């Protein structure tokens with residue numbers, strides 16, 4: 001059986017998308033579905049290629065029981081071919097990803113919060129310029145959204 005490939009995308013790939021990758025990976029592991037998934041994250045910009053996630057993101061993730069192991073990379077056209085699900089953190093990232101869409105590719109690019117039941121806003125806020133509370137708010141949003149995404153994928157793929 002081929003793996004389900006999920007890619008999380010934000011701007012710099014140091015706050016939201018590596019956190020989403022780590023949270024989703026943790027949920028997949030807890031359900032014993034590791035063998036069914038390939039999970040990655042990237043940014044639409046080239047600001048932080050090769051860098052580890054922001055120290056505040058790492059600290060917040062650990063506080064919530066999630067260990068991050070990622071180096072920043074930039075989204076490429078090839079990602080449209082390599083991933084089954086492309087999940088962006090906000091509408092700006094979604095537009096940037098859509099601009100790189102190859103001709104004829106019909107893969108749906110979804111917003112992370114489209115899997116969040118509260119759905120107050122379509123965007124996961126960027127905590128980069130905020131304080132510690134912002135990182136926890138983003139963790140909570142991503143945690144709930146990742147749960148919804150995993151249920152959606154489980155139903156679509158009949159795990």
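The table that follows gives values for the structure above.
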| quantity | calculated |
| --- | --- |
| Failed item, numbered, when residue 44 is tested on (1) at positive phi; (2) touching a residue at least 24 places away in the same chain (Cβ under 8 Å) | (1) |
| Residue 19 vs. criteria touching a helix residue (DSSP H, G or I) at 6+ places or on another chain (Cβ under 8 Å), in a loop (DSSP other than H, G, I, E, B), closer than 18 Å to residue 145 by Cβ and at pLDDT 95 or above | no |
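The values are calculated or read from the model by the stated rules, or taken from the named source; none is laboratory data. What you see is a predicted model; the values in this text were computed from it and never measured. Heads up, the Cβs are rebuilt from the backbone with ideal geometry, glycines too, and the neighbour counts pull from every protein chain shown.
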